[in-house]
Amino acid sequence: MPDWGAHLSEMRQRAPLVHNITNYVAMNVMANVLLAAGASPAMVHAVEEAAEFTPLAGALTINIGTPSGPWVAAMEASAQAAQAAGLPWVLDPVAVGATAFRREIGARLLALGPAAIRGNASEILALSGAAAQGKGADSADPVAAAEEAARALACSTGAVVAVTGPVDYVTDGARGWRVANGHPAMPRVTALGCSLTGLVGAFLAGAEDRATATVAALAYFGLAGERAGETAAGPGSFQVALLDALATITPDALTAGARVQAA
Ligand SMILES: Nc1ncnc2c1ncn2[C@@H]1O[C@H](COP(=O)(O)OP(=O)(O)O)[C@@H](O)[C@H]1O
Ligand SMILES: Cc1ncsc1CCOP(=O)(O)O
Ligand SMILES: [Mg+2]
């Protein structure tokens, strides 16, 4: 098994600038998650500047949670800029199965070569063209039901695909892992999936093996959730404790606490 903590150590040494085009809900919590982890977030979505900004960063993340025409234009321009610069970019297909608009955006972004795709089971199913039962931004499908779709998506796009839920599944089409870290309070705080997508971007910046870097990001976030769950009194204090845990988890603690199995 790879040394998961080494990925955290490398990310902190690089302290990458991560360019995020995310949704209105996630902006603040996602930026705080990236700062707590040791990366530098920048939320830059105006079509007038997004593509110019992208090459300044170590990675780009694109989240379709609250889309509108001009934002989608910025997403496509930045994804193209990332492709041209050889930078990894991560797609978060929030509620992609809910409307025709989102399905079209998802398909257009998929064609622009994401290095990784991170979504819940309903989103990964919908993005792959399979039937999904998503409830808005929340999943209504089990992770296991999306594993085949994830492998197909990885093979057809070349991206690492991460399906999150109680036990996460990650695949690059050839290899697969299950990540059991996490806490049941996590889906009760908004934008934690979006924030995790930002962390995947941070771990991918400069990484040699994008699949194991993605697994490490998921294990790290899940472990922070476990730590936060030890002290939190409810969703509010959980969010605060999660930031503290992200800042205090060491690479050695991640190596010891990661509950990852090859799948
Ligand atoms: N029931 C659960 N138990 C433990 N961890 C969970 C659970 N549901 C989600 N998580 C964790 O919450 C984080 C966000 O995942 P998820 O809720 O699937 O994303 P989204 O918010 O995009 O739907 C991931 O780290 C995932 O492992
Ligand atoms: C509630 C909501 N509505 C549109 S985007 C969004 C945030 C979704 O965040 P996450 O996918 O991390 O739960
Ligand atoms: Mg989400």
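The values are calculated or read from the model by the stated rules, or taken from the named source; none is laboratory data. Quick caveat: nothing in here was measured; it's all calculated off a predicted structure. Methodologically, a virtual Cβ is constructed for each residue, glycine included, from the backbone with ideal geometry; neighbour enumeration extends over all protein chains shown. With ligands, DNA and RNA removed, areas are computed over all heavy atoms of the protein, side chains included. Shrake-Rupley method; radii C 1.70, N 1.55, O 1.52, S 1.80 Å.
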Here is a list: Thr61, Thr54. Which entry is touching a strand residue (DSSP E or B) at 6+ places or on another chain (Cβ under 7 Å), over 20 Å from Leu246 (Cβ atoms) and not charged (D, E, K, R)? Thr54
Condition test on Ser122, is it assigned to a helix (DSSP H, G or I), in contact with a Lys or Arg (Cβ under 9 Å, 6 or more places away or on another chain) and either within 14 Å of ligand 2 (Cβ to nearest atom) or modelled with pLDDT of 95 or more (or both)? yes
The range 162-263: helices (runs of 4 or more DSSP H) wholly inside it with 3 or more residues that are more than 24 Å from Met27 (Cβ to Cβ) are 210-231, 251-257
Per the filter on the range 150-190, residues open to solvent by 10 Å² or more (accessible area, probe 1.4 Å) and among the small types (Gly, Ala, Ser) are Ala152, Ser156, Gly158, Gly165, Gly173, Ala174, Ala180, Gly182, Ala185
Mind checking which residues of the range 216-242 are small (Gly, Ala, Ser) and either within 16 Å of ligand 3 (Cβ to nearest atom) or within 18 Å of the chain's Cα centre (by Cα) (or both)? Ala216, Ala217, Ala219, Gly222, Ala224, Gly225
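Residue-by-condition table, conditions (1) free of Cβ contacts under 8 Å to residues at least 60 places away in the same chain; (2) under 30 Å from Asn181 (Cβ atoms); (3) surrounded by 19 or more Cβ atoms within 10 Å (Cβ to Cβ):
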| residue | (1), (2), (3) |
| --- | --- |
| Ala6 | no, yes, no |
| Met11 | no, yes, yes |
| Ser40 | yes, yes, no |
| Leu60 | no, yes, yes |
| Ala74 | yes, no, yes |
| Ala79 | yes, yes, yes |
| Asp92 | no, yes, yes |
